[in-house]
1. Can you tell me which residue within segment 70-85, out of those that are away from the ligand (no atom under 16 Å from the Cβ) and under 18 Å from Glu106 (Cα atoms), is surrounded by the fewest Cβ atoms within 10 Å (Cβ to Cβ)?
2. For segment 128-170, which residues satisfy the criterion of being part of a loop (DSSP other than H, G, I, E, B), of a type in the set (Gly, Ala, Ser) and within 11 Å of the ligand (Cβ to nearest atom)?
3. Can you go through Lys187, Lys173 and tell me which one is away from the ligand (no atom under 16 Å from the Cβ) and either closer than 30 Å to Met1 by Cα or modelled with pLDDT of 95 or more (or both)?
4. Can you say whether Asp90 is in the same structural domain as Cys109 (by TED's automatic domain parsing), within 16 Å of the ligand (Cβ to nearest atom), within 22 Å of Glu126 (Cα to Cα) and among the acidic types (Asp, Glu), as far as the supplied structure shows?
5. Output the number of residues of segment 14-52 satisfying the condition of being in a strand (DSSP E or B) and more than 16 Å from the ligand (Cβ to nearest atom).
6. Can you pull out every residue in segment 163-185 that is closer than 22 Å to Gly244 by Cα and surrounded by fewer than 24 Cβ atoms within 10 Å (Cβ to Cβ)?
7. Please give the number of the condition Gly331 fails out of (1) modelled with pLDDT under 95; (2) closer than 24 Å to Gly99 by Cα.
8. Of all residues being in contact (Cβ under 8 Å) with a residue 24 or more places away in the chain and of a type in the set (Gly, Ala, Ser) in segment 194-217, which is surrounded by the most Cβ atoms within 10 Å (Cβ to Cβ)? Just the residue, please.
Amino acid sequence: MKAALRDRYGPPDVVELRDVDVPVPSEDQVLVRVRAASVNRADLDGLTPRPSFVRLFMGLRAPRNHSIGVDAAGVVESVGPGVTQLKPGDEVFGDMFIGGQGSFAEYVCAPERAFQPMPPGMTFEEAATLPHSAILALQGLRRRNGRTIKPGDKVLIDGASGNVGPFAVQIAKSMGAEVTGVSSTDKMDMVRSLGADHVIDYTKVDYTKSGERYDWIVDTDSHHSIFRVRRALRPNGVYVTLGGESGPIFRGLVVGPLASLFSDKWTGLLIWWKPMHRPDVETLKELIAAGKVKPVIDRRYPLSQVVEALRHVDEGRASGKIVITMEEPAG
Ligand SMILES: NC(=O)c1ccc[n+]([C@@H]2O[C@H](COP(=O)([O-])OP(=O)(O)OC[C@H]3O[C@@H](n4cnc5c(N)ncnc54)[C@H](OP(=O)(O)O)[C@@H]3O)[C@@H](O)[C@H]2O)c1
C-alpha cells in the first residue's frame with residue numbers, strides 16, 4: 001500500500017509517499033481501508049515539531065514514529081480477535097492520535113477505540129474532517145469540571161477560520177451563544193457564513209484591546225498574553241487555549257491556572273482532551289443530524305499530493321478543512 005512517511009523533522013517536504021506492507025491488526029486493533037483523511041494543525045505541529053519540547057517524547061534528533069495523519073474515514077477491512085463492536089464492512093471515522101497516527105495512507109491500523117461508526121448520511125470526505133477538530137471544539141467549550149456555555153453568553157473564537165474554529169463557532173451558536181469569530185481579512189466571509197454574529201479581523205483589531213468583554217474565549221493558537229486575555233473576560237469568564245508555541249503552552253499550563261486562583265476568571269490550556277470520547281461523538285452526531293454543524297471543506301488533494309496538502313495548511317492558505325482523498329477501491 002501507499003503511505004506518507006517521514007524520517008526526519010522539518011517542513012512538509014520531509015514527507016514521502018512510499019510502498020509499505022498493509023498492517024495486520026493485532027488483538028484489539030482494527031484495519032481500515034482509508035477513503036478520506038484530513039489535515040490538522042496537529043499534523044504540522046508533529047512534523048516540525050511544535051512546541052519544540054515535545055521532541056523529548058517524540059525523539060530528540062529524529063521522530064521515532066514515521067507515520068503521519070490523525071483524521072480518517074473509511075471501511076473496516078479486518079479486525080483483531082479482541083475487537084467486540086466493529087466488523088468488516090463497517091463505515092467508520094476516527095482519530096489516529098489514539099494508536100500511532102498514519103491516516104495519510106491507503107490503510108490504517110489502530111485500536112478499536114480510535115474509531116466509531118460514521119455519522120449517518122455523511123460522505124467519507126465530510127466524516128474525515130470531524131474526529132480531531134470537531135471533538136476539540138466541543139471540549140474547548142467545556143471545562144474539565146463540566147461547566148460550559150449558556151444561551152446568551154458572549155463567546156469569542158480566536159482562530160475561527162482554521163480547523164477547530166469553524167466547528168467551535170457552529171457549536172457555540174447551536175448552544176444559543178452570541179458568537180464572535182476572529183480571523184484574517186480574506187477569511188471573514190467564511191466565518192460569517194458559519195453563523196458568527198460578529199467577525200473581527202485580527203490584522204486590524206486586537207480583541208483584547210477593543211473594550212468588549214466575553215464570557216468564554218476559545219483560542220485555537222495562542223497569540224496574546226494570558227494577562228491581556230484576562231482583561232477581555234467578563235466576571236466568571238473562561239479562556240481556554242488549545243495550542244501554540246512553547247511559551248504560550250507553558251503560560252497556559254502554569255501562569256493561567258495560577259492567576260485563576262486569585263480571581264473568579266479561569267484561564268489556561270485545555271488539558272482534558274479525550275479524542276473520540278464517546279459521549280462527545282454522540283453529541284456531534286446529533287448536531288450534524290439537526291443540521292447545526294456542517295464541515296467546511298476548502299480543497300481536496302489526492303494522496304499522491306499529500307505534501308501540497310500539508311503545505312496548503314502550513315502556509316495559512318486553508319479556509320476550512322483540507323481533505324486527502326484515496327482512489328476508489330477496484331470492483
Ligand atoms: N490542548 C490539547 O489537548 C490539544 C490536542 C490536540 C491538538 N491541539 C492543538 O490545537 C490546535 C488546533 O488548531 P487548528 O488545527 O484549528 O489550527 P489552524 O487550523 O492552524 O488555525 C489557526 C488559526 O489561527 C489564526 N491565526 C493565525 N495567525 C494569527 C494571529 N497572528 N493572530 C490571530 N489568529 C491567528 C488563523 O487565522 P487565519 O487562517 O485567518 O490567518 C487560524 O484561524 C493545534 O495547535 C493543535 O496542535 C491541542
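The values are calculated or read from the model by the stated rules, or taken from the named source; none is laboratory data. Keep in mind the model is a prediction, meaning the values are calculated, not measured. Cβ sites come from the backbone with ideal geometry, for glycine too, and all protein chains shown count toward neighbours.
1. The residue in question is Val75.
2. Gly159, Ala160, Ser161, Gly162
3. Checking each option against the conditions leaves just Lys173.
4. Considered against the rule, which asks whether it is in the same structural domain as Cys109 (by TED's automatic domain parsing), within 16 Å of the ligand (Cβ to nearest atom), within 22 Å of Glu126 (Cα to Cα) and among the acidic types (Asp, Glu), Asp90 comes out as no.
5. Residues that pass the stated criteria total 12.
6. Ser184, Thr185
7. For Gly331, the failing item is (2).
8. In this case the residue turns out to be Ala196.
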